[in-house]
Amino acid sequence: MKHFRIAILALLAPCAAFANVTEDIRAGGGAIIPQLGVSIDVAGTSGPQNHTRFSHAVDMGYAYAHSRRKQDLDPGDGPIIFGGETFQGNQDITWTSNVQLAHIGYRPRYWFGASNFAIEGVIGLGWAGLGLKGTSTTGQGAAERLSNGGIVFGVGGIWRFAPATTLQVRLLGFGSGKEEGVTSAARWDLTVTHAIAKNLQLRGGLATLSAYSAREDSDSNIVKSPVNAGGGGLTLGIDLLF
């Protein structure tokens, strides 16, 4: 009898493992991304119109992306487990996501001599939030709000091609060190900025803002689907410079 029970458990083990296999949530789509930036020089001058070769500043920023996407679940796909609901295969799920990323950090910036080119870095603290709602063609619905604080790091470059106008590229990465909530996030910008006053500039271009949640709580046996959410498209914003 003992050997019989062992054989049964061995046969059921692969089935249990299969039952824990879920589909990732894919909730990324097109978005218009508003953003706000604040820069405060603490040593040197970093502005494109009047700058020292090397400068140090406090850099703050906020960006938001709202997107909608339909995810198709085929009959052979694993389930999506989210918000206390289990979405089985052979249906469509419409995801509406809201991703936010805020940061405050130290930003060194270096201008290459008398040229119009500069590089910069960012390191500091950040907060990432993700609101997600799903509705299926079978009438199921679920929603959750996820967030975490963490570390932000980034790199960027600047090309001043007119006295008050620059082309800027920047990549910001966020990591919380957590499996629940928002595990990581990323923001990428390719924008043109134009100074309209001493302390104010407008920004516009292309951007992406994404967030990921591993959804693996080591203190819980509840299986949840990992989340990939965010958006990409046009970005508009303002920067305050001090």
Check: Within the group A214, A195, A207, which residue is closer than 17 Å to P48 by Cα and touching a residue at least 12 places away in the same chain (Cβ under 8 Å)?
Finding: A195
Next item on the list: Quick one: count up the residues across the range 84-102 that are of a type outside the set (S, T, N, Q) and surrounded by 18 or more Cβ atoms within 10 Å (Cβ to Cβ).
Entry: 6
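Residues in the range 76-87: is at least one hydrophobic (A, V, I, L, M, F, W, C), more than 23 Å from D189 (Cα to Cα) and in contact with an Asp or Glu (Cβ under 6 Å, 6 or more places away or on another chain)? Reasoning before the result, please.
The initial filter retains those residues of the range 76-87 that are hydrophobic (A, V, I, L, M, F, W, C), namely 80-82, 87.
This time we only want the ones that are more than 23 Å from D189 (Cα to Cα), so: 80-82, 87.
Filter once more, keeping what is in contact with an Asp or Glu (Cβ under 6 Å, 6 or more places away or on another chain): 80.
Yes, the range 76-87 contains a residue that is hydrophobic (A, V, I, L, M, F, W, C), more than 23 Å from D189 (Cα to Cα) and in contact with an Asp or Glu (Cβ under 6 Å, 6 or more places away or on another chain).
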Next item on the list: Consider T166 carefully, then state whether it is touching a strand residue (DSSP E or B) at 6+ places or on another chain (Cβ under 7 Å), within 29 Å of N50 (Cβ to Cβ) and either modelled with pLDDT under 95 or not hydrophobic (A, V, I, L, M, F, W, C) (or both).
Entry: yes
Next item on the list: Six or more apart or on different chains, Cβ under 6 Å: which pairs go from a residue in the range 222-238 that's more than 20 Å from W95 (Cβ to Cβ) and without any contact (Cβ under 8 Å) to a residue 40 or more places away in the chain to one that's among the hydroxyl-bearing types (S, T, Y) and surrounded by fewer than 18 Cβ atoms within 10 Å (Cβ to Cβ)? Could you list them?
Entry: none
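For the range 24-63, give me each residue that is part of a strand (DSSP E or B), of a type in the set (S, T, Y) and surrounded by fewer than 19 Cβ atoms within 10 Å (Cβ to Cβ).
Within the range 24-63, just Y62 meets the criteria.
Yes or no, residue by residue, for (1) at pLDDT below 95; (2) more than 19 Å from Q100 (Cβ to Cβ):
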{"position": "G173", "(1), (2)": "no, no"}
{"position": "T183", "(1), (2)": "no, no"}
{"position": "G204", "(1), (2)": "no, yes"}
{"position": "A207", "(1), (2)": "no, no"}
{"position": "V223", "(1), (2)": "yes, yes"}
{"position": "G233", "(1), (2)": "no, no"}
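The values are calculated or read from the model by the stated rules, or taken from the named source; none is laboratory data. Keep in mind that what you see is a predicted model, and the values were worked out from it rather than measured. Cβ: placed from backbone, ideal geometry, glycine included. Neighbour counts: every protein chain shown.
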